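First comes the structure, then the notes that go with it.
The values are calculated or read from the model by the stated rules, or taken from the named source; none is laboratory data. As the structure is a computational prediction, the values presented were derived from the model and not from experiment. Cβ sites come from the backbone with ideal geometry, for glycine too, and all protein chains shown count toward neighbours. To get the accessible areas, we keep the full protein, side chains included, count just its heavy atoms, and leave off ligands, DNA and RNA. Shrake-Rupley method; radii C 1.70, N 1.55, O 1.52, S 1.80 Å.
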Number of protein chains: 2
Amino acid sequence: MAIVVQKFGGTSVADITRIRNVANRVLKTHHQGNDVVVILSAMAGVTDRLLGLANEATDAPDRRELDVLLATGEQTTAAILAMMLKGMGVQAQSLLGHQAEVVTDCEYGNARILEIGTDRIKRLLKDRKIVVVAGFQGMDIKGNITTLGRGGSDTSAVAIAAALNADVCEIYTDVDGIYTADPNICPKARKIKVISYDEMLNMASLGAKVLQIRSVGFAKKYNIPVHVRSSFSEEEGTMVVNEDSGMEQLVVSGVTHDLNQARITLKKVPDQPGVAAKIFSPIAEAGILVDMIIQNTRSGGQTDLTFTVPKADCTKALEIEKKVAATIDAEDVFADPNIAKVSVIGVGMKNHSGVASLMFNALARENINIIMISTSEIRISCIIEEKYTELAVRVLHTAFGLDRDD
Amino acid sequence: MAIVVQKFGGTSVADITRIRNVANRVLKTHHQGNDVVVILSAMAGVTDRLLGLANEATDAPDRRELDVLLATGEQTTAAILAMMLKGMGVQAQSLLGHQAEVVTDCEYGNARILEIGTDRIKRLLKDRKIVVVAGFQGMDIKGNITTLGRGGSDTSAVAIAAALNADVCEIYTDVDGIYTADPNICPKARKIKVISYDEMLNMASLGAKVLQIRSVGFAKKYNIPVHVRSSFSEEEGTMVVNEDSGMEQLVVSGVTHDLNQARITLKKVPDQPGVAAKIFSPIAEAGILVDMIIQNTRSGGQTDLTFTVPKADCTKALEIEKKVAATIDAEDVFADPNIAKVSVIGVGMKNHSGVASLMFNALARENINIIMISTSEIRISCIIEEKYTELAVRVLHTAFGLDRDD
């Protein structure tokens, strides 16, 4: 008998019919003799509706109260699923974040889980009850309600799975797994059967928005196998596991793209100590996240500096840097929002040389110019012109042997 | 500096504009130097919407889970008002039932308050914070969420006022007070300035649906002055107080009517011990509430027995009694849903004779036949034909000198 944690996202509980579908799936797992803990998101659209209500109420909603408000979304679905299961003749009970003893820090809106007391869940499981936990929410040590940030139900699920030492954490969503590339632009993309935590961490942050990135970190830390699968089919999805667990190691597991980037370039920056700090401190103070930073050496004690920011922050970042450019005597500063980041990811590249040159050659053959490059142990990312995005993803997918046979 | 508890009902928080109106009213009381605790209902219509969702999910929603679901309604309004107040620059904090330590028994859907721990509220008030409590909800000693039944926010408010030994509990609603009769059918009805708890208890149960009856019992027990008033005007409403508090004692304070009654009559019932039990046990087992019971003596060891039940239960009660009539050998059984109960209420009648005859004469003058009569210390009720309801209320209102002068 295994302990199975099943998490269902907003589209999987979007209405009563879909919640009934969830109930049937949960029941099946329960009847197979497993102990089942279900984690639910709010119905699709509800969180946005509540945010709209808060913004209608006041310009800058207080974060503590916003969490109290948002927590009602998951409370609603948890109660409905629990009563539906009971109506189907099976023992079940809902638990809110504080009842499931999900203790977090006090960072309202983006709280981190400190610990999970599993006594109550274990007692309910012992009575063969299905435990339905409201995802996304916890409480701080003073008993205030907190929420874990967008996609936080994934983290709730993995954290509870870790605390229970569950056999698997199943993440049910509206896609049937992780793909080698976005099937919308790369028709030959294949579903990945097994992927490592580290690859998934790179996938998630680069745009394959299936799992909240923090949940993957949690799963890795506690070595909880995560099964990403569709709530609308019985098919197996993608297993996210430890890379040492005997998975076949491809050189590259997937190709991702990210259109949400813009670059800011400062030309002819004096090459002096302290200049980089002057450039990036006001950006950080404005709360803008910088992704890639490239500095090219020029002759004559000057350098060109380019960095990327989220597209939405492009105008603000440019304004800031225009002021900075004046004070540090840079020649020019400009922004370019028409860029894309394409990346190849794979734990296998740690042991293979030539991955970068294979990538650059593939892009070169299509006359795609590379504007910036950044690398990590298991990832190579290139900034290219936005218009080449789809082409770049497809040629890289082919070049690294990821195309589906058919 | 006084402690003021202010409760706002569903129509008073029906949308953001109305909640802003509530915020302004609360702020005003706060700025006058009072400690303010606000109790909120769910937005008008929300509880019914949630009940609909539950009934869509399952035929007989589990009561524990239904309470978890329903509690989201008040959680939403409490969070919104608190963030709005903070947005207006005043310190405020929302508390859910369990955070306000509203401890109840385990009777889901209709829980009773056992005690209220006021430490947290008092600490917040000491910091000059406005405390916004989600009404209608509490928790049992095991930490399960419970709700207090329809209108339960009134009870939350009065109970919290009692626990804090508040100076007044203001109940803001969509009417501007308690009237001597329903102004819709009695144009000369006047707003009552002061009414006793006992009169209010009789008013509430007889149809003046302004206050949850349990909240009045609470207010009486702890002697908390309750001020029923409109959230849409600044006018004074009706004070509900102890009858010894020097209020002017009218013989009759109000005339109420109740159309939600039906009567069941068993004719020629054998006048033997045990027969009444046979008649009423199956009614009680079916969960039907019996209001009035009248037994008339007949000659020949037989009696006629009439009782009233809620109109909605009339058919069911008739079916039950048809079976009973067969076993006890009663001659006939019939139901009449076309009746109304009109009552006159007043603590003054304890010290005045002739109230009953004045009532019966007033009805007789209009040829209104009295079908049943029941009395209590401060109330006389008559069952009449439904079609005479409005006329009966008006003539009684005039007969007892309640008409407005104009």
Legend entry - Residues (over 15 Å from B:Arg263 (Cβ atoms) and charged (D, E, K, R)) located in segment B:323-337: B:Lys323, B:Asp329, B:Glu331
Legend entry - Where A:His30 falls short, out of the listed (1) more than 8 Å from every other protein chain (Cβ to nearest Cβ); (2) part of a helix (DSSP H, G or I); (3) under 26 Å from the mean Cα position of the chain (by Cα); (4) modelled with pLDDT of 95 or more: (3)
Legend entry - So A:Ile283, is it crowded, with 18+ Cβ neighbours inside 10 Å, at pLDDT 95 or above and not small (Gly, Ala, Ser): no
Inset, instruction - Please specify each residue of segment A:165-179 satisfying the condition of being part of a strand (DSSP E or B) and open to solvent by less than 10 Å² (accessible area, probe 1.4 Å). - result: A:Cys169, A:Ile171, A:Tyr172
Legend entry - Some residue of segment B:144-164 being surrounded by fewer than 24 Cβ atoms within 10 Å (Cβ to Cβ) and within 14 Å of another protein chain (Cβ to nearest Cβ): yes
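Can you tell me which of B:Ile368, B:Ile345 is buried (at least 18 other Cβ atoms within 10 Å of the Cβ), on the phi < 0 side of the Ramachandran plot and in contact with an Asp or Glu (Cβ under 7 Å, 6 or more places away or on another chain)?
On the way: B:Ile368 fails: in contact with an Asp or Glu (Cβ under 7 Å, 6 or more places away or on another chain).
Exactly one of B:Ile368, B:Ile345 is buried (at least 18 other Cβ atoms within 10 Å of the Cβ), on the phi < 0 side of the Ramachandran plot and in contact with an Asp or Glu (Cβ under 7 Å, 6 or more places away or on another chain), namely B:Ile345.
Which one is farthest from B:Met200 (Cα to Cα) among residues in segment B:379-393 that are buried (at least 20 other Cβ atoms within 10 Å of the Cβ) and not β-branched (Val, Ile, Thr)? Walk me through it before giving the result.
Initial filter on segment B:379-393 (buried (at least 20 other Cβ atoms within 10 Å of the Cβ)): B:379-384, B:389, B:392-393.
Subsequent filtering for residues that are not β-branched (Val, Ile, Thr) retains B:379, B:381-382, B:392.
Numbers: B:Arg379: 11, B:Ser381: 15, B:Cys382: 19, B:Ala392: 21 Å.
Checked segment B:379-393; the qualifying residue farthest from B:Met200 (Cα to Cα) is B:Ala392.
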Legend entry - Number of the condition not met by A:Thr77 [criteria: (1) within 26 Å of the chain's Cα centre (by Cα); (2) more than 20 Å from A:Ala14 (Cβ to Cβ); (3) more than 8 Å from chain B (Cβ to nearest Cβ); (4) of a type outside the set (Gly, Ala, Ser)]: (2)
Inset, instruction - Please state which one of B:Asp35, B:Asp48, B:Asp62 is more than 7 Å from chain A (Cβ to nearest Cβ) and either more than 18 Å from B:Ile160 (Cα to Cα) or open to solvent by less than 10 Å² (accessible area, probe 1.4 Å) (or both). - result: B:Asp48
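Yes/no per residue for (1) in contact (Cβ under 8 Å) with a residue 60 or more places away in the chain; (2) of a type outside the set (Lys, Arg):
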site	(1), (2)
B:Thr308	yes, yes
B:Ala312	no, yes
B:Lys323	no, no
B:Ala326	no, yes
B:Asp329	no, yes
B:Asp332	yes, yes
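How do the strands (runs of 3 or more DSSP E) wholly within segment A:241-333 filter down when requiring 1 or more residues that are over 27 Å from A:Val216 (Cα atoms): which remain? Explain how you work it out, then say what you get.
Working: elements: A:254-258, A:261-270, A:293-297, A:302-310.
The strands (runs of 3 or more DSSP E) meeting that bar are A:261-270, A:293-297, A:302-310.
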Legend entry - segment B:85-112 residues that are within 12 Å of another protein chain (Cβ to nearest Cβ) and open to solvent by 10 Å² or more (accessible area, probe 1.4 Å), paired with ones that are in a loop (DSSP other than H, G, I, E, B) and not small (Gly, Ala, Ser) (beta carbon under 6 Å, 6 or more apart): B:Lys86/A:Asp62; B:Gly87/A:Thr58; B:Gln91/B:Lys129; B:Gln93/B:Lys129
Legend entry - Given (1) open to solvent by less than 10 Å² (accessible area, probe 1.4 Å); (2) free of Cβ contacts under 8 Å to residues at least 60 places away in the same chain; (3) not assigned by TED's automatic domain parsing to the domain that holds A:Cys314, number of the condition A:Ala189 does not satisfy: (2)
Legend entry - segment A:364-404, residues that are within 17 Å of A:Leu259 (Cβ to Cβ), among the β-branched types (Val, Ile, Thr) and not in a helix (DSSP H, G or I): A:Ile368, A:Ile370, A:Ile371, A:Ile383, A:Ile384
Inset, instruction - List the number of the failed condition for B:Ala325; all other conditions in (1) surrounded by fewer than 16 Cβ atoms within 10 Å (Cβ to Cβ); (2) over 24 Å from the mean Cα position of the chain (by Cα) hold. - result: (1)
